[in-house]
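Below is one structure, written out as structure tokens; comments come after it.
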Amino acid sequence: MLKDLLFEKRKLSRYIVPWAVALALLVLAPYFVSPSLRSFLLFLLMWIALSQSFNMFTGLTGYVNFGFVAFYGLGGYGMTISLLHFNIPIYLALIIGGLLSSAFAFLVSWPTLRLRGAYFAIAMLSLAQALFVIFDNWNLVNSATGYTFPVVYYDPTLEYYYMLAVAAFTVICLYLLMNSRVGLALKAIKQDEETAVSIGINATFYKALAFAISAFFAGIAGGVTTWTITIIDPPSAFDTTITLTSISMSMLGGLGTLSGPVIGALILYSIEHYFGLTLPYLHLIVFGIIIVVVVLVIPQGIIGEITSKLKIRDGGGG
Amino acid sequence: MVSPERTGATSVVGSPILDVSMIRKTFAGLVALDGVSLQLGSSEILGLIGPNGAGKSTLFNIISGSMKPTAGKVKFHDLDITGLPPNRICKLGIARTFQIPRPFLDMTVLENVEIAQIFGGNRVPKIGTPREICELVGLRDKMHLSAKVLNVSGKKRLEVARALATSPEVLLLDEIAAGMAPAEGEWVIGFMEKMSREYGVSIIWVEHVMRLLMKGVDRVIVIDHGIKIAEGKPEDVVNDERVQQAYLGEKKK
Amino acid sequence: MSAALVAELLILGLMYGLLYGVLAMGLTIVFGVMKVVNVAHGDFVIVGSYLSYWAYVLAGLNPILSLLLTIPFGFLLGAATYLGLVRRVQNSPELMSLLLTFGISTLIGGLLLFLYSPTQRAIPIALGSFSYGTLSLPVNISVAAVYAVAVAVALRFFFYRTFWGKAIRAVIDNRTSAILVGINPDTVSLLTFGIGIAIASSVGSIIMLLQSVSPLSGPDFTLISFVIVVLGGLGNPPGALVGGVVLGVVESLASLVVNAAMTPAIGFLIMVAVLVIRPQGIMGRRGGD
């Protein structure tokens, strides 16, 4: 399958500059910002990673994954158990979390991806609920109590850099995906799946691939977040607000674009943080309104609308 | 490629490359196809006609893999392809067009053809590069236009071009002439001849524009209410009583 | 395990099934007409519940009587939602209507939470039980079942004996043909959405006889409706009723072996099984020629 990931060179030079600058600033940030700003940046990066992972699947295939938080939660649990039970070093534990999530995605992709959009969406929602119930009652993973991380793992600077790395990798991976054969196939599938299949595209395979990759990154992001907040339990691991927020951020920025989810995360998380959207109902109301407004007024999201008006392509893309 | 003479035979000379046998398809009690069989020979142009609702599109769907038959077999070069998914069947060498053209509207004409060749066209010999194929179907000057701006005739040609990009041995054409101007009809026939004689592509052609089809094909099969009611040379089939009865009430063009 | 217990469970399952089946009918006709999946369906149920709750608290209105309020209110709310929001995404890719109704669902939940806090609300009307020999059936669920049957009969009448009902069926069956014979699809969509939401909010009133609700209970009802619609086939109203009964009976009998918390998992498993084995549902029809 390696030939499926052939990627054609694009004019990287001009496009890459803003990203490189942003990355450089973020790398240097811990040296000159206050701890609270660094913490803000860490969670911003988390949301960037999550929205981008969500975008990797929903943005590229057009299938809405209402059970997205399942990947986050599985990654978190996978990492936690590897770390606390098996003493596996953190970087490896994170990867295991990501792989667990991916494996789960691959497993459920066979029955679910054959379904049309609406069925798939609800099936995934049910799945996430089911996982919550299972983990809540399963003694092997401490059921409702969950896990707490001993102080020895606390290292805010390291956590920051890990999260930065995850966010950066999701952006890079999405870029590669969009500009590869896989991206091309997904583009066709998103537009007209039946026709795509009739010209030889194995839709099920490509969808499953995007699904698994999306799950991988969401899982790793889940792992790093768990490490940062030092606890994990079913309600926090499978919190549907995470799905809601990821959806809102990527929609606002633009599903299917490269920089959209980044912008969306930046805007929404800044608003949430600085205007104290901590009350649950405010969160729901604001995000609900945003989703409705985006669908009706700017369906392609901010970046999507800009790029289609200017007729340029964001991130290259098929 | 050796071009065989137009035989006009009632059945296939030599062994058929496509062997569809006793296809039966029911939908919740409705019998769409009831034991339909046909064979397609190498480089042959086979017409498939019948009144609306006769089951022609269903048959195409079954051959190309978008539907599974309730019973019966489809064999391609002695390989049983019944029930295989459409993308596998396309890669094996059977391509189809859709009655209502479905181009990828976000892409240009050329890109539409290119993508078909990238994913479905790994067989040899190729019919041609995407550019050459655009030329073949008469879309060369529209190659870089968005598929959105094509008219009906252009979209139909694009359907065919996309199918050809997958280097098919068998081409299932679904009403390619309908919606085209009468003047283009001659082009359609010429195109078919070229595909079959020069490139060795076998074609099953469903059409309602009767006079065109009768001129262009080697052999015709008539289906009505899911059953094959006639088969043979165009001139014989036209005069067949059962065929005329089936079309009673329908204008013969 | 006595025969009486099994019989009771069967009947209870049947009755719950009828109620949820009718709820699912609201969801399925909306899909059949507009190809829109209303993710907020369950949230409209809760809206009806809250309406009934406050009618009870402020005016002592019995939930059954409050139906006189919730049905027209639901219809108007549905019509308004359609006109203002849903109509614009009818012809967009399915993704858009899914996201829009998801946004609406979130919004309703948030608004209810803001207005009424997260406390569970219940109407404390105790209705006791009927007894038939060794069988004992709670009155409340019996009333709910009677209501469900009444709605089903009314809908049947509407769909088969009135012009607009037949128009709706025509659009579900073949939209293009319906338009060709002069049926205005916009009016049909408006009516259908209104009816769908009216059904949802009326079920919300009835639900107050059976359980308590909170602003975030909406998605639970959406999920149940969805599982049923999958069983019965999207766009197939009688199928929804049958699917509801099947689900109700199966979950009811399953409670003999599995504890109550796991029942959503059962619904989910059934749904996945049906989707894999027979994607068109128990009663659905496969795409045609």
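The values are calculated or read from the model by the stated rules, or taken from the named source; none is laboratory data. Nothing here was measured: the structure is a model prediction, and the numbers come from that model. Here the Cβ is made from the backbone with ideal geometry for all residues, glycine too, and neighbour counts use every protein chain on show.
So if I check each of A:L113, A:L127, which one is within 14 Å of chain B (Cβ to nearest Cβ), within 20 Å of C:A273 (Cα to Cα) and either aliphatic (A, V, I, L, M) or in contact with a strand residue (DSSP E or B) (Cβ under 8 Å, 6 or more places away or on another chain) (or both)? Explain how you work it out, then say what you get.
On the way: A:L127 fails: within 14 Å of chain B (Cβ to nearest Cβ).
After ruling out the rest, the residue left standing is A:L113.
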Of the criteria (1) within 14 Å of another protein chain (Cβ to nearest Cβ); (2) free of Cβ contacts under 8 Å to residues at least 60 places away in the same chain, which one A:N139 fails: (1)
Verdict on B:I204 being surrounded by 17 or more Cβ atoms within 10 Å (Cβ to Cβ), among the β-branched types (V, I, T) and either more than 14 Å from chain A (Cβ to nearest Cβ) or under 12 Å from the mean Cα position of the chain (by Cα) (or both): yes
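Across the range A:99-110, what is the total count of residues that are aromatic (F, W, Y) and more than 11 Å from chain C (Cβ to nearest Cβ)? Steps first, please.
Quick first cut of the range A:99-110, residues aromatic (F, W, Y) only: A:104, A:106, A:110.
From the residues that got through so far, the ones that are more than 11 Å from chain C (Cβ to nearest Cβ) too are A:104, A:106.
Residues that pass the stated criteria total 2.
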Residues located in the range B:105-122, provided they are at the interface with chain A (Cβ under 8 Å from one of its Cβ atoms) and crowded, with 22+ Cβ neighbours inside 10 Å: B:I115, B:A116, B:F119, B:G120, B:G121
Odd one out for C:L191, checked against (1) farther than 23 Å from A:I122 by Cα; (2) within 14 Å of chain A (Cβ to nearest Cβ): (2)
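Within the range B:107-222, which helices (runs of 4 or more DSSP H) (wholly inside it) include 1 or more residues that are of a type outside the set (F, W, Y) and within 20 Å of B:K233 (Cα to Cα)? Steps first, answer last, please.
Working: elements: B:109-120, B:130-136, B:152-165, B:182-197, B:210-216.
Passing ranges, in order: B:182-197, B:210-216.
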Residues within the range B:26-63 that are surrounded by fewer than 24 Cβ atoms within 10 Å (Cβ to Cβ), within 14 Å of chain C (Cβ to nearest Cβ) and assigned to a strand (DSSP E or B), tallied: 5
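Looking at C:L247, C:L275, which one is modelled with pLDDT under 75 and either more than 11 Å from chain A (Cβ to nearest Cβ) or closer than 24 Å to A:L107 by Cβ (or both)?
On the way: C:L247 fails: modelled with pLDDT under 75.
Sole residue among the options that is modelled with pLDDT under 75 and either more than 11 Å from chain A (Cβ to nearest Cβ) or closer than 24 Å to A:L107 by Cβ (or both): C:L275.
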Residue in the range A:181-192 that is touching a helix residue (DSSP H, G or I) at 6+ places or on another chain (Cβ under 9 Å) and surrounded by fewer than 16 Cβ atoms within 10 Å (Cβ to Cβ) present: no
A:L92 being part of a helix (DSSP H, G or I) and either among the hydroxyl-bearing types (S, T, Y) or more than 12 Å from chain C (Cβ to nearest Cβ) (or both): yes
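Table: residues versus (1) in contact with a His (Cβ under 8 Å, 6 or more places away or on another chain); (2) within 25 Å of A:L258 (Cβ to Cβ); (3) free of Cβ contacts under 8 Å to residues at least 12 places away in the same chain.
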residue	(1), (2), (3)
A:P35	no, no, no
A:F40	yes, yes, no
A:Q52	no, yes, no
A:N55	no, yes, no
A:Y63	no, yes, no
A:F66	no, yes, no
A:F71	no, yes, no
A:G78	no, no, no
A:S82	no, no, no
Failed item in (1) touching a residue at least 24 places away in the same chain (Cβ under 8 Å); (2) part of a helix (DSSP H, G or I), with A:G256 passing the rest: (2)
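Return yes when A:L184 is part of a helix (DSSP H, G or I) and within 14 Å of chain B (Cβ to nearest Cβ) and no when it is not. First the steps, then the outcome.
Numbers: part of a helix (DSSP H, G or I): yes; within 14 Å of chain B (Cβ to nearest Cβ): yes.
Against the criterion (part of a helix (DSSP H, G or I) and within 14 Å of chain B (Cβ to nearest Cβ)), A:L184 qualifies.
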Any hit, the range A:59-77, residues being surrounded by fewer than 20 Cβ atoms within 10 Å (Cβ to Cβ) and touching a Phe, Trp or Tyr at 6+ places or on another chain (Cβ under 9 Å): no
Number of the exception - C:G233 against (1) under 28 Å from A:L113 (Cα atoms); (2) within 11 Å of chain A (Cβ to nearest Cβ); (3) at pLDDT below 85: (2)
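Name the residue that is surrounded by the most Cβ atoms within 10 Å (Cβ to Cβ), counting only residues in the range A:258-284 that are at pLDDT 90 or above and within 14 Å of another protein chain (Cβ to nearest Cβ). I'd like the intermediate steps shown before the answer.
First, the residues of the range A:258-284 that are at pLDDT 90 or above: A:258-270.
Okay, now just the ones that are also within 14 Å of another protein chain (Cβ to nearest Cβ), so A:264, A:268.
Details: A:G264: 32, A:L268: 22.
My answer is A:G264.
Quick one: would you say B:S11 is in a strand (DSSP E or B) and either at pLDDT 90 or above or away from chain A (no Cβ under 14 Å) (or both)?
Details: in a strand (DSSP E or B): no; either at pLDDT 90 or above or away from chain A (no Cβ under 14 Å) (or both): yes.
No: the conditions fail for B:S11.
Just checking, does the range A:150-166 include any residue being touching a Gly at 6+ places or on another chain (Cβ under 8 Å) and more than 19 Å from A:I88 (Cβ to Cβ)?
Let us first name the residues in the range A:150-166 that are touching a Gly at 6+ places or on another chain (Cβ under 8 Å), namely none.
No, the range A:150-166 contains no residue that is touching a Gly at 6+ places or on another chain (Cβ under 8 Å) and more than 19 Å from A:I88 (Cβ to Cβ).
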Long-range neighbours under 6 Å by Cβ, at least six apart or interchain, first residue of a type outside the set (S, T, Y) within the range C:172-192, second surrounded by fewer than 16 Cβ atoms within 10 Å (Cβ to Cβ): C:P185/C:I179; C:L191/C:W164
Identity of the residue in the range B:73-92, touching a residue at least 40 places away in the same chain (Cβ under 8 Å) and crowded, with 19+ Cβ neighbours inside 10 Å, that ends up nearest to B:A147 (Cα to Cα): B:C90
Matching residues, the range B:59-76, being within 20 Å of A:G200 (Cα to Cα) and touching a Leu at 6+ places or on another chain (Cβ under 8 Å): B:L59, B:F60, B:I62, B:I63, B:S64, B:G65, B:V74, B:K75, B:F76
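For the range C:118-140, state whether one or more residues are under 30 Å from A:T61 (Cβ atoms) and either without any contact (Cβ under 8 Å) to a residue 60 or more places away in the chain or not polar (S, T, N, Q) (or both). Write out each step before concluding.
Restricting attention to the range C:118-140, the residues satisfying the condition of being under 30 Å from A:T61 (Cβ atoms) are none.
Taking every residue of the range C:118-140 in turn, none turns out to be under 30 Å from A:T61 (Cβ atoms) and either without any contact (Cβ under 8 Å) to a residue 60 or more places away in the chain or not polar (S, T, N, Q) (or both).
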